[in-house]
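Notes for the one structure printed next.
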Amino acid sequence: MMGLMASDEARTETRTQARAERHTESGVREVPGEAPATRAWTTWTTRLLILGIVLAALNLRPAITSLGALLEEVRDGLGMSGSIAGLLTSVPPLCFAVFGVTAPRLARRFGPGAVVCAGMAAIAAGLLIRPYAGGTGGFLAATALALMGIAVSNVLMPVIVKRYFPDRVGSMTGLYSMALAFGTSVAAAATVPVTNALGGHWQPGLAVWAVLPALAVVPWLPFVRDRRTPGSTAAPRPENGQSAEKSGEQPPLRITRSRTAWALAVFFGLQATAAYITMGWMAQIFRDSGVSAGTAGLLLAVIMVMGVPLAFVIPRVATRLPHQGPIVLVLGVCGLAGYAGLYFAPVGGAWAWALLLGVSNCAFPLALTMVGMRARTGAGVAQLSAFAQSTGYLISIPGPLLVGVLYQHSGGWGLPIALMSALMVPQILVGVLAGRDRTVEDEAGR
């Protein structure tokens, strides 16, 4: 009898473990404690979610790089000074910092699918309105609307991946990072030719990019009513007078007590500074060096297109390493070499410097991957993602503006390039700290 009971218990334990670890039809792993509704997903539903993630990622940068390719024409058309243009290139990180921090709260109230869907709609509306808003103020306001949609989607992408694909964080992060890099590079390369094909006016050349986010709204519509938030559990909500611990819910992390969270936020901020300086000013740097507008757009596209293959490879490699510091170092050295070449021979080695800077810009998918790796739970990833991205984008705000001021007052690109090179050193240092094998739950406590 005892033997039969032991055998039954063993079989029960085996079945329980198998249920906890198996993959559903959709490929989404069942995670103990996650909302049981996930188990009802079909292959079609998950494929639609993957399509939505890819289309959303495609729209997270064209609003910025399309403007960078036509910055000179926009400046002339709106009568902008160099300082105002520098302010314009600082608007993206400002909006990402201000609006990104609201993403977890919005996701808890409306559901992540609804927030991303609304974000895509905001991007489409902003990109359609801004070329025809009239004046610098209207242009900035419409740009801010598009960037608001980008901001909340930026924060929620790692969260959605952690929630619905917990066993494939590296590959899914690589997939949407690759789509993001592809959208970035296509916008940089195609904006000038598309503008010429539409009559040479910069307004339709910018407005045409509203089509892509409008299409991206469609696959998110079935998820608008899905209010299961990342990191949610099947435990009931606490009743009045009942503590979160007794109800099974965990209180928020004290994220500011985590050194890793701060290191990741600073690393995110410094790589964002380099990225937005590149997207906002690099085409102009090449043009002022004697390169044609079309070639300058292609060089910017080369910088961005390097992220297409590397954004898929780097997260997969990073998730297999206990420490991501070596990857941080390689990317930083490539950036320093690219800036040095840009200073001494901007035209002669332009394509080589574009390749090196393209490799260096892949610090972005690495930072997103580390966000997913430095927290154990979906709720932890949501908090860390919001903190690291919002704080990081705040840190990055002065960079593009300072480049514009230095360029206007010095009359050349020597000082701005020196600034870019100097910022790469602390980026390497904090990146090594952020890459250590630890989690914010362990450091911050609850």
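The values are calculated or read from the model by the stated rules, or taken from the named source; none is laboratory data. No experiment lies behind these values; they were computed from the predicted model shown. Reconstructed Cβ throughout: ideal geometry from the backbone, glycine too, with neighbour counts over all protein chains shown. Protein only, heavy atoms only, side chains kept; ligands, DNA and RNA dropped before computing areas. Shrake-Rupley method; radii C 1.70, N 1.55, O 1.52, S 1.80 Å.
For the reader, a short list of remarks on this structure follows.
- Answer from Val208, Val224 - the residue that is modelled with pLDDT of 90 or more and surrounded by 15 or more Cβ atoms within 10 Å (Cβ to Cβ): Val208
- Count of residues meeting criterion [assigned to a helix (DSSP H, G or I) and either open to solvent by less than 30 Å² (accessible area, probe 1.4 Å) or acidic (Asp, Glu) (or both)] in region 395-413: 5
- Leading residue by the ranking (farthest from Trp413 (Cα to Cα)) among those in region 254-306 that are touching a helix residue (DSSP H, G or I) at 6+ places or on another chain (Cβ under 7 Å) and not in a helix (DSSP H, G or I): Arg254
- Qualifying residue in region 202-210 (condition: touching a residue at least 40 places away in the same chain (Cβ under 8 Å) and within 16 Å of Gly52 (Cβ to Cβ)): no
- Yes/no for Val74 being touching a helix residue (DSSP H, G or I) at 6+ places or on another chain (Cβ under 8 Å), modelled with pLDDT of 80 or more, within 25 Å of Ile395 (Cβ to Cβ) and crowded, with 18+ Cβ neighbours inside 10 Å: no
- Verdict on Val359 being touching a helix residue (DSSP H, G or I) at 6+ places or on another chain (Cβ under 9 Å), open to solvent by less than 50 Å² (accessible area, probe 1.4 Å) and touching a residue at least 40 places away in the same chain (Cβ under 8 Å): yes
- Condition check for Asp437 on (1) surrounded by 19 or more Cβ atoms within 10 Å (Cβ to Cβ); (2) modelled with pLDDT under 95: one failure, at (1).
- Among residues of region 85-103 that are buried (at least 23 other Cβ atoms within 10 Å of the Cβ), those with a Cβ under 8 angstrom from a residue that is part of a helix (DSSP H, G or I) and among the basic types (Lys, Arg), sequence gap 6+ or separate chain, pair up as Ala85/Arg75.
- Just one of the listed residues (Gly137, Gly200) is on the phi > 0 side of the Ramachandran plot, surrounded by fewer than 21 Cβ atoms within 10 Å (Cβ to Cβ) and not hydrophobic (A, V, I, L, M, F, W, C), and it is Gly200.
- Flag if Leu329 is closer than 26 Å to Ala57 by Cβ, of a type outside the set (Ser, Thr, Tyr) and in contact (Cβ under 8 Å) with a residue 12 or more places away in the chain: no
- For region 307-346, the set of residues classified as modelled with pLDDT of 90 or more and of a type in the set (Val, Ile, Thr) consists of Ile314, Val317, Ile327, Val328, Val330, Val333, listed by residue number.
- Residue that is nearest to Ala63 (Cα to Cα) [pool: residues in region 172-188 that are of a type outside the set (Val, Ile, Thr) and open to solvent by 30 Å² or more (accessible area, probe 1.4 Å)]: Phe182
- Positions within region 332-356 being free of Cβ contacts under 8 Å to residues at least 12 places away in the same chain and not in a helix (DSSP H, G or I), in sequence order: Ala345, Gly348, Gly349
- When residues of region 104-121 are limited to those that are surrounded by 24 or more Cβ atoms within 10 Å (Cβ to Cβ) and in contact (Cβ under 8 Å) with a residue 60 or more places away in the chain, the one nearest to Gly149 (Cα to Cα): Gly119
- Whenever a residue of region 145-168 is under 14 Å from Thr46 (Cα atoms), its partners that are aromatic (Phe, Trp, Tyr), lying with C-beta atoms within less than 8 angstrom and at least six residues away or across chains, give the pairs Val161/Tyr176.
- Filter result for the condition that a residue is assigned to a helix (DSSP H, G or I) and open to solvent by less than 10 Å² (accessible area, probe 1.4 Å), over Ala124, Ala151: Ala151
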